[in-house]
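Trainee: Below: one structure in structure tokens.
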Amino acid sequence: MGGRSGRATGPGGPRRRPALLGVHDETEDGTVYRAELSAGVDEAILSFYPVLHEDLGLSDSWWADLAGALDRLSVTATDRVAVRTQYM
């Protein structure tokens, strides 16, 4: 799914995912790196970090939507690995 257009539900109701403006792949020493550029959003930021440090008070339907999205993603075969600064 990545940055593809779609619907997500958050506090205040349904939200559009930011438009994917571009993708750039680079290969170095046998490792492929991907950078994705998404459009900016005018909505409030819920967290500045990919790892949550506080309860955001998200609704049960938000969590159900997330569980459904993860179920759909889990059947997609890939050898890609995502690395974020916070995980290093």
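Laboratory data are not the source of any read-out in this text; all were calculated from the coordinates shown. Just so it is clear, the model here is predicted, and its values are computed rather than measured. Ideal geometry is used to build each Cβ from the backbone, glycine not excepted, and the neighbour counts take in all protein chains shown.
Trainee: Ala19's amide H: which non-local residues (gap 5+, or another chain) put their own amide H closer than 5 Å, with H modeled 1.01 Å from N in plane and none for Pro or chain starts?
Mentor: Residues meeting the criterion, in which the H sits 1.01 Å from N, are Ala39.
Trainee: May I pose another question? Go through the stretch 27-80 and name the chymotrypsin sites (Phe, Trp or Tyr not before Pro) that are in a DSSP coil and have 11 or fewer other Cβ atoms within 10 Å of their Cβ.
Mentor: Numbers: sites: Tyr33, Phe48, Trp62, Trp63; in loops: Phe48.
Listed in order of number, the matching sites are Phe48.
Trainee: Got a sec to turn the phi values of the stretch 52-68 into Karplus ³J(HN,Hα) couplings, 6.51 cos²θ - 1.76 cosθ + 1.60 with θ = phi - 60°, whole Hz, x for Gly and Pro?
Mentor: 6, 10, 8, 6, 8, x, 6, 6, 4, 5, 4, 5, 5, 4, 5, 4, x
Trainee: Sticking with this structure for a sec: Residue-wise, which Karplus ³J(HN,Hα) couplings in Hz belong to the stretch 28-34, taking 6.51 cos²θ - 1.76 cosθ + 1.60, θ = phi - 60°, and x for glycine or proline?
Mentor: Once θ is set to phi - 60°, the couplings for the stretch 28-34 become 9, 6, x, 10, 9, 10, 10 Hz.
Trainee: If you don't mind, another one. Hey, what do the phi angles of the stretch 40-51 turn into as Karplus ³J(HN,Hα) couplings, whole Hz, using 6.51/-1.76/1.60 and θ = phi - 60°, x for Gly and Pro?
Mentor: Along the stretch 40-51, the couplings run x, 10, 9, 8, 4, 7, 7, 7, 8, 10, x, 9 Hz.
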